[in-house]
Amino acid sequence: MKKIIMISAVIMTMISGTAFADTIKVSVNGLVCAFCASGIEKTFKKISAVSNIDVDLEKKLVTIITKPSEKLDDKTVTKLITDAGYQVTNIARIK
Amino acid sequence: MGVYYYIHMGYKALYLKLAVLALLLSASIAEAKPISYVDGIMVMQENDETGHTISVDYTITPNYAVGWYDKWEENGKLYSEHGPEFNSLIKRWNLPDGQANIFNSTGAGVALDGSKTRGAAWTDFMADYETRRIFTSYEIRALYADSIESSVSQRARIGIAPYEANYNDIATWFMLQVDDHPSKNDVFVVTPLVRFFYKTALLEAGYSSNNRLMLNCELQF
């Protein structure tokens, strides 16, 4: 019984830790060169709400994962990508 | 000391002329290269048949950067130019499968030729278009340094990537650079080169038709 309670507690902790992290998928125009696009990674890594970022030149996609319980609104995402020199065409969020 | 010496020798008119020229250039154009990302610092070091260049630029906004430029010229007159630069992105087209840009870089400072020091001003326009497989660029540069130099030069590049590198790959480009610089000893020079980059580091190596090695590198911080 003790074992079941402990396992449940661990699972609950894991679920609650990840439940509020957002995955933001941003479609970007002009994303052709990794040397230039590294500005996007550097810009987002400075933001405290961001846990991880991935740039995919093939899919023209920037994937941002926020920290649990942290938020990053569309306006901020668009501004940061525009400041890095690119154009946002779509933002999709996965909870 | 040099500045005061030349002012006392009657160079006030020259500095006035340079100030007017710089103002005209920056007013008629608007902007320059290199531009990276806001708060980004870019360091470039180039060694080619035209000489040796070092520049450091800080990007203030998505369209503007400021920096410092030093160049030691070769292949003809041996002189150097040094000074601050103002860089602008005049226009960018972010396309689904490519990007095109027009940049301007305008600077003013001094040119040194042995014991001679003169005021200098330069401006450079560059247009480029690239996809993940094709690169093209054209650049025209004007330099005025009173009795040391007054010239216009141009450069064009085409490049092909043998594979489409993704973000975490090392990218490879094969390029051909053509230089037309009438003030140099070798006016028309062709340089085949290879470009590699990985994220924030870029390296180029080539060998020119006038038998000079090219070695360029760029780092972003």
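Against the test of being crowded, with 16+ Cβ neighbours inside 10 Å and within 14 Å of chain A (Cβ to nearest Cβ), the options B:ASN75, B:ASN87, B:ASN104 yield a single qualifying residue, B:ASN87. So which residues in the stretch B:173-186 are over 18 Å from the mean Cα position of the chain (by Cα) and either of a type in the set (A, V, I, L, M) or surrounded by 20 or more Cβ atoms within 10 Å (Cβ to Cβ) (or both), if there are any at all? Of everything in the stretch B:173-186, just one residue is over 18 Å from the mean Cα position of the chain (by Cα) and either of a type in the set (A, V, I, L, M) or surrounded by 20 or more Cβ atoms within 10 Å (Cβ to Cβ) (or both), namely B:TRP173.
Once the stretch B:117-148 is narrowed to residues that are within 17 Å of the chain's Cα centre (by Cα) and of a type in the set (D, E, K, R), the residue that is farthest from A:GLU58 (Cα to Cα) is B:ARG141. A:GLY85 meets all of the listed conditions (1) of a type outside the set (Phe, Trp, Tyr); (2) surrounded by fewer than 18 Cβ atoms within 10 Å (Cβ to Cβ); (3) on the phi > 0 side of the Ramachandran plot but one, namely (2). The residues in the stretch A:48-75 that are out of contact with any Asp or Glu (no Cβ under 9 Å at 6 or more places or on another chain), farther than 28 Å from B:GLU204 by Cα and within 14 Å of chain B (Cβ to nearest Cβ) can be counted, and the count is 1. The set of residues in the stretch B:113-125 that are part of a strand (DSSP E or B) and surrounded by fewer than 19 Cβ atoms within 10 Å (Cβ to Cβ) comprises B:ASP113, B:LYS116.
Bear in mind these aren't lab numbers, they're just calculated from the coordinates by the rules spelled out. Fair warning: this is a prediction, and the values are worked out from it, not measured in the lab. Note that we place each Cβ from the backbone using ideal geometry, even for glycine, and neighbour counts take in every protein chain shown.
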